[in-house]
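Working notes, beginning with the structure itself.
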Ligand SMILES: Nc1ncnc2c1ncn2[C@@H]1O[C@H](COP(=O)(O)OP(=O)(O)OP(=O)(O)O)[C@@H](O)[C@H]1O
Ligand SMILES: Nc1ncnc2c1ncn2[C@@H]1O[C@H](COP(=O)(O)OP(=O)(O)OP(=O)(O)O)[C@@H](O)[C@H]1O
Ligand SMILES: [Mg+2]
Ligand SMILES: [Mg+2]
């Protein structure tokens, strides 16, 4: 880094350029470019409609943010989503009332998360290793239970979860906004949130300070399981199908959004605002490119390049750490 | 070593700093400081915590670039942009904070970043490496399994490895930043022997320490820093301890150890037959209200393990701990805290503090739930408590909202203590609470310990400084190889008796036995 | 105001208003030869008809991604949307939404739920394919033996339907033929090769291997070739000719089955355009450019024709 | 192990402890148990051709895992291998079709891989972007590049001469196995006997201390990423040799399989602890499981579930090891 760069960076960060502000800038720039590429893009209708496609990733990203702040990771979220979806669909087909099936699905999602948390904390194994195992296990259970078949004969009211509108606003957007508010409050205002950061920065010192490290971690994985289950219900309703290959590759989408939002996979840093911006940046990029008629083969390339560029800009503005 | 004589008959300094200034953001760590190190001299660098000693030496070590001022090495201007360049110029550092590679073996730790011995085929000669490492450590009087990973070693042994690492290089200057902080008297003595050897060979040694008696034993010259400024550089013979303290603190220190013995009250903590496989066994211990009990012992005696087991960080294999007569559930620090037991760890960096957290967040971490309403932290009272405790312990170098990583070591230690006070514990287990702390802060901490005892709390003071133990304790318990080997009342406790109990041998042969125990 | 599936706003300007018709066509995924071939046909038809063709889809065969594309097509105000569905039901809500917006809807290659589209362009019935595969295999193995089936993804509905028809054909006509195992190749060439090899090593009595996707078949053929079992283990299935040419030429694969995806894409555009123009008949036949008269199987189903069987003799005539 | 000489005089128990202290011990034990179980219940598992087949199948993942192992040991991560393998295979395949020779094919694959790895390394070290983001971005970007340059068409008809690394054999042992073994021996030498190999451990174990010790931390990390690229290049030539053609989704999902191999083998994801043998063991372990699933004819829909359970069981073995050597918390 040259001296001029450093002073520029120093001056700008002196002006209070936080990570989130930079990401906001990236998002606004993106909106500006996309609206030039497609006239439909910057319409209220499109933007609201677009929200229906990031809510599932967004919900899971909230939980993943907290997990990543503690220095953990959960690779099993996509598989868990499929498992919950299949449980809801097939328990309904096998005769459970749909309401009960949904409750059962939520329970399964929660238990799956709990399993991740307990397995890694009780046995002292890195969550990456454990969730690599459950990544295959949950997916396999989803395939096995559904026998690779699909269910789509849901009653009409099930559509509310993923296809309802309140006025012009998609229902799931409201769910997402509520979830963001709750998780943001928990992370920034509660003792639990402080513990999450403490664990991520120095787990041993947290333990010496009486932070219930194991309990916090298990709670996080379980809560993420629950968020995955919520996302799974919305997803199943949105596509009105329950099948074993749902959410394939979802974990990468979620992790992309979280790390773009500034969370470090080494733990200790990350914010909800950053994650939400990360989710929005990726979602608008995909939507804008589609509307602009950019072939999807280009999108992968541009997504990768943008991810790098956004983070590079972000790092550039970040305060120097000695 | 060949060094030409400079005009005027003086020697050319190994290195010389002129007008050095270094700022961190708004904080000026050192300002306009001159410092020189001559070949074959031991130059002590003293000052309060945060005075800028480490910062100044990190500039010599190539870790920081100075904002102003210049550096000369062997009479030539120099500028280091990395530790590597500093090393190449013949300067070896023993850093203040232990920085080893926990998964690598002792032998390998000594060779990281160095040229490793090679076999004829170009591979690494592991046999020779282990042999040489063993010899180097043996010269320090340490017998360690050099193929064991460093993470298995106690702090003291890790410190010895760090020292051996620096000495392995044939350096012209060795900078030692508080090398004895984690050592007991025995190892410290060995180190002094090594320093004498270095000096004979014409190597310059910068010696940073808060232990004044050490300074006067080994230093040729003393430089005093205060608040980043140079106060004085003088031959050691021209100073006396009181004068030195006055230079460091800026005022005379009236009473160093403050202790007002009280009548011990009821039993607060009772340890019965506590044991952990391979660490300690059959420990019985009683702490009473208003009592300070010193826990002495050699390195590896198992004092840290015992204290951590009482606190619940480690789970005992046998025995029980009672607090106010009730059995403490084993293995739960939270439960111990609830019942009024608190442990102040010896490892400040890894166990005591969350470095990026602010002073406030560190102080209140253990009591956070007290400030929560409906799960939310009420920030007013939290800030109030943190401010009050930081003030009470006179934490300097940053406000309560600054990250604790920005404070000097001693001030960090005060934050750790403030954190323990936040819980208002009935039993306080202090593990080396004054390690790396300046005289001023030390005396503040002694006053604090006295006050806590006066308030009716029970204090277990683990320390490797015998003087500290003797001056502060109502009772001294000694551990040897995981067992209690002696207990002395205030009147009976003497240096000789404690050493005898710690080494297991009485009388003049104790020193020989110590040698034996080291193997 | 709360309603289900009621997307307010928008909806394209339909019918042959000013400008060319805009047809949005989606494959299961982009970036594989089969759908590239279909695109070739579609573009040819679009040129002939003078329509504006948008041909795009996800880079992975995922129904959820396809839903997103359909929503975007609606935003882009297409006149017709026709899709090759990765899941019949998952795409249904989005397709219904398109319908409500007044867009002509259709499916090609793989159907969506019947009530979610106006018409389906069927390349060949499940029965025709399943039966033909078994017949081709029976020819080579004398109508008996145990068989391995390597599929693409476990959940692909059309593959499950073909399997069902294959079993049915064996039960009816070749009682001595038996599907001993179905293994998922996960649309991964290497994985297809590996599981075929593993299976054949463990079950040397296997008479033949079906590879029923364009990735699974070359994988199975490669495995048999590498193990030197040419002539002992018969291989057939569904795939595209360019990928299969080496194996047909070397004799590992005698025959395999498919329809012509170029023609399929071509037909899908003709049908979609006829929908927009309102010229699609309810029954009888329908004139589709160079394909001539094409049969209406039902009022909402157009059939491309019987499956094609590729052999050493005819394979060089095709390039896709 | 070569350390055995130093352990002379120690009893059997000492040797056992020494073995158990090694990072790959749990995976090795679990692998042994699994092999025993499969030999008993699966006909033909123990046949030489099957065992050779397993090794040949894990060659691609194994060769890459050996390199990724170094990245993880250095405290970094690389998840771009899947797309990188696809790109290398496309380029190497094209060259193979054009030239019909092994050497240019290999050079092309390795060159492309090394270039991609160098980009990763530069972005991580000079760009100061966390490796997970760099390689995630590359995962997407390179897959995009593949689709853009091929337009989705396969590369078919790769001539036999260029497929030697996939199809050839020496003394009845397949070329993929030989290449895998050669790479393993090489990495073991690098790991134990090269300065870079030891520096990797130091950097991963304590990066700031490594910097203090004068290790050129950035250079060490950079070469780890390049090494992955080179390994992917070699693996891509094995791949085209074994597959005979290249599809555009070649390597999709490979990154997780490789990382699974490395960490299940026992290399710590936190860096600084692990060995090439761990990566190899992990790769073989997964290969054995997958092979067993087919031999036992586990229904396709349940295969992932069984795989997942066995992975969890394998990693849980580590707890047993810690109990045995008395590591306490
Ligand atoms: N990296 C840093 N960032 C910001 N401030 C720093 C940094 N390092 C040191 N300081 C500040 O510089 C001053 C000098 O610190 P230094 O560590 O040199 O003190 P010291 O004399 O070594 O103290 P101690 O005896 O406690 O080790 C302190 O006020 C400290 O807070
Ligand atoms: N020479 C040695 N070789 C191997 N392990 C040792 C050695 N010395 C100490 N240990 C390990 O360290 C443990 C004791 O560590 P430690 O030095 O922290 O004890 P302590 O009595 O608390 O000393 P202090 O707190 O003064 O450093 C022992 O139980 C032992 O496991
Ligand atoms: Mg210091
Ligand atoms: Mg101790």
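The values are calculated or read from the model by the stated rules, or taken from the named source; none is laboratory data. Model, not experiment: these values are computed from the prediction. Note that we place each Cβ from the backbone using ideal geometry, even for glycine, and neighbour counts take in every protein chain shown.
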Looking only at residues in region C:82-100 that are in contact (Cβ under 8 Å) with a residue 60 or more places away in the chain and in contact with a strand residue (DSSP E or B) (Cβ under 7 Å, 6 or more places away or on another chain), which one is farthest from residue A:151 (Cα to Cα)? C:82
Only one of (1) more than 16 Å from ligand 2 (Cβ to nearest atom); (2) surrounded by fewer than 23 Cβ atoms within 10 Å (Cβ to Cβ); (3) within 11 Å of another protein chain (Cβ to nearest Cβ) is not met by residue B:147, so which one is it? (1)
Checked region A:265-309 for anything modelled with pLDDT of 85 or more, at the interface with another protein chain (Cβ under 7 Å from one of its Cβ atoms) and part of a loop (DSSP other than H, G, I, E, B); matches are A:268
Residue count, region B:194-221, condition within 24 Å of the chain's Cα centre (by Cα) and more than 24 Å from residue B:184 (Cβ to Cβ), comes to 3
Search region B:146-158 for residues being outside any helix (DSSP H, G or I) and more than 20 Å from residue B:482 (Cα to Cα), and hand back the single one that is farthest from ligand 3 (Cβ to nearest atom). B:147
Within region D:164-214, the residues that are surrounded by 18 or more Cβ atoms within 10 Å (Cβ to Cβ), touching a helix residue (DSSP H, G or I) at 6+ places or on another chain (Cβ under 6 Å) and in a loop (DSSP other than H, G, I, E, B) are D:214
Just to be sure before I move on: is residue A:21 at pLDDT 95 or above and assigned to a helix (DSSP H, G or I) in the structure I sent? no
Go over the candidates C:154, C:163, C:148 one by one and state the one that is closer than 21 Å to residue A:146 by Cβ and in contact (Cβ under 8 Å) with a residue 40 or more places away in the chain. C:163
When residues of region B:88-97 are limited to those that are closer than 19 Å to residue B:194 by Cβ and within 9 Å of chain D (Cβ to nearest Cβ), the one nearest to ligand 4 (Cβ to nearest atom): B:95
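What about residue B:329, is it more than 16 Å from ligand 2 (Cβ to nearest atom) and crowded, with 22+ Cβ neighbours inside 10 Å?
It is false that residue B:329 is more than 16 Å from ligand 2 (Cβ to nearest atom) and crowded, with 22+ Cβ neighbours inside 10 Å.
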Residue pairs meeting the criteria (Cβ under 9 Å; at least 6 apart or on separate chains; first under 12 Å from residue B:427 (Cβ atoms) and modelled with pLDDT of 90 or more, in region B:275-293; second outside any strand (DSSP E or B) and within 16 Å of ligand 4 (Cβ to nearest atom)): B:285/B:306; B:285/B:310
How many residues are on the phi < 0 side of the Ramachandran plot and more than 14 Å from chain D (Cβ to nearest Cβ) when one looks only at region C:236-257? 6
Residue list for region B:190-211, restricted to those being within 16 Å of ligand 1 (Cβ to nearest atom) and buried (at least 20 other Cβ atoms within 10 Å of the Cβ): B:206, B:207, B:208, B:209, B:210
Mind checking whether some residue in region B:250-261 is in contact with a strand residue (DSSP E or B) (Cβ under 7 Å, 6 or more places away or on another chain), more than 16 Å from ligand 1 (Cβ to nearest atom) and either away from chain A (no Cβ under 14 Å) or touching a residue at least 60 places away in the same chain (Cβ under 8 Å) (or both)? no
Quick test of your reading of the structure: residue D:155 fulfils all but one of (1) more than 10 Å from chain A (Cβ to nearest Cβ); (2) out of contact with any strand residue (DSSP E or B) (no Cβ under 8 Å at 6 or more places or on another chain); (3) closer than 27 Å to residue C:241 by Cα. Name the failing condition by number. (2)
Any hit, region A:173-189, residues being in contact with a strand residue (DSSP E or B) (Cβ under 6 Å, 6 or more places away or on another chain) and buried (at least 23 other Cβ atoms within 10 Å of the Cβ): no
So which helices (runs of 4 or more DSSP H) are wholly in region A:126-198 and hold at least 1 residues that are farther than 23 Å from residue C:155 by Cβ and more than 14 Å from chain D (Cβ to nearest Cβ)? A:160-163, A:171-189
Return a yes/no flag: does region B:315-324 have any residue that is in the same structural domain as residue B:282 (by the TED database), under 21 Å from residue B:431 (Cα atoms), in contact with a strand residue (DSSP E or B) (Cβ under 6 Å, 6 or more places away or on another chain) and without any contact (Cβ under 8 Å) to a residue 24 or more places away in the chain. no
From the options B:417, B:393, residue that is closer than 27 Å to residue B:288 by Cβ, more than 14 Å from chain A (Cβ to nearest Cβ) and away from ligand 2 (no atom under 16 Å from the Cβ): B:393
Might you let me know whether region B:117-137 holds any residue that is more than 28 Å from residue B:350 (Cβ to Cβ), away from ligand 1 (no atom under 15 Å from the Cβ) and more than 13 Å from every other protein chain (Cβ to nearest Cβ)? yes
Kindly indicate which of B:47, B:19, B:26 is within 16 Å of ligand 1 (Cβ to nearest atom), in the same structural domain as residue B:234 (by the TED database) and surrounded by fewer than 21 Cβ atoms within 10 Å (Cβ to Cβ). B:26
Index of the failed condition, residue B:176 passing every other in (1) within 14 Å of chain D (Cβ to nearest Cβ); (2) in contact with a strand residue (DSSP E or B) (Cβ under 9 Å, 6 or more places away or on another chain); (3) in contact (Cβ under 8 Å) with a residue 24 or more places away in the chain: (1)
Among the numbered criteria (1) more than 15 Å from ligand 2 (Cβ to nearest atom); (2) more than 14 Å from chain A (Cβ to nearest Cβ), which one does residue B:312 miss? (2)
